[in-house]
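The values are calculated or read from the model by the stated rules, or taken from the named source; none is laboratory data. If you're wondering where the values come from, they're calculated on a predicted model, not measured in any experiment. Note that we place each Cβ from the backbone using ideal geometry, even for glycine, and neighbour counts take in every protein chain shown.
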């Protein structure tokens, strides 16, 4: 055998994908998301009463929807923030990032009530700081508990977290970030633009890239880029005994690509989002929820975080029914 043949064979062996080995939780992933999606549609039917499932775990604990864009906060962002107001790049970006940094509907509505229409044109640091400080003074939380936000004090030197975040927004817009995002060639580029700013790590950069992509600033497929968050990594570790030489993002892409064959294999009748199949962001999110679900259903399977219980119980509340609305470019609003 010649040296060139050896080199060629070595390259072939090195590049060969070693497939991951599923654990018992792998099938749970698919069964969980199908049943959680069934619950989503049952809740839309006023004739369907709680409990919406025969699964006691799904009835007792709180889990997010399968599709990220259907959760209450994302729906509010899409309808009341993105598609309400100026579609000029700077204005659009300002509204989206201001809303998402706090990620709390009540904070946005308070600012809107006090300031009127929220615009970058009329933005002033002292006005926003004063209003947000008033809420804090009255012991009102202004941030969602969904994300852990770095304070930014080491970067902007303000005492309060919201002050540093307001300054972060100012720096972004001063750097013409809206135009840079609009000119980006793919979602990975948008992710890297966000990642270049202080206080924003991988998880938030990806979440913000997805949120921006709901708007007219970008128009990328949600199947082109994904970044696994901490919860998703926990879920992946539980779903597979061995990842082979796949990374976390490879696994998420594999799940999205295999959704149809896996539903067929498990005889699952999956009702997608009015014709929209599971996207990478959705498969990523489901791993987070399966991590939580498995703490009760598979208590012997341990993830990276070693968490053993689900914190949030499901409480049936009389919330207003959501009139679902999605980015018009998806072409599904007329199907609802």
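What is the residue count in segment 107-153 for residues that are in a helix (DSSP H, G or I) and in contact (Cβ under 8 Å) with a residue 12 or more places away in the chain?
15
Do we have any residue at all in segment 227-234 that's closer than 16 Å to residue 185 by Cα and crowded, with 21+ Cβ neighbours inside 10 Å?
Taking every residue of segment 227-234 in turn, none turns out to be closer than 16 Å to residue 185 by Cα and crowded, with 21+ Cβ neighbours inside 10 Å.
Please specify each residue of segment 87-106 satisfying the condition of being closer than 16 Å to residue 165 by Cα and assigned to a loop (DSSP other than H, G, I, E, B).
Scanning segment 87-106 gives 103, 104.
Applying the selection to segment 1-45, what residues are at pLDDT below 55 and in a helix (DSSP H, G or I)?
3, 4, 5, 6, 7, 8, 9, 10, 11, 12, 13, 14
For residues in segment 244-269 being in a loop (DSSP other than H, G, I, E, B) and under 23 Å from the mean Cα position of the chain (by Cα), which is farthest from residue 282 (Cα to Cα)?
Among them, the one singled out is 246.
Restricted to segment 309-322, and to residues that are at pLDDT 90 or above, touching a helix residue (DSSP H, G or I) at 6+ places or on another chain (Cβ under 8 Å) and part of a loop (DSSP other than H, G, I, E, B), which residue is surrounded by the fewest Cβ atoms within 10 Å (Cβ to Cβ)?
Out of the qualifying residues, it is 309.
Of (1) closer than 26 Å to residue 100 by Cβ; (2) free of Cβ contacts under 8 Å to residues at least 12 places away in the same chain, residue 249 satisfies all except one. Which?
(2)
Report, by residue number, each residue of segment 171-230 that is touching a helix residue (DSSP H, G or I) at 6+ places or on another chain (Cβ under 8 Å), part of a loop (DSSP other than H, G, I, E, B) and under 21 Å from residue 86 (Cβ atoms).
184, 214, 215, 216, 217, 218, 219
Which of the following residues is out of contact with any strand residue (DSSP E or B) (no Cβ under 9 Å at 6 or more places or on another chain), at pLDDT 95 or above and surrounded by 14 or more Cβ atoms within 10 Å (Cβ to Cβ): 126, 93?
93
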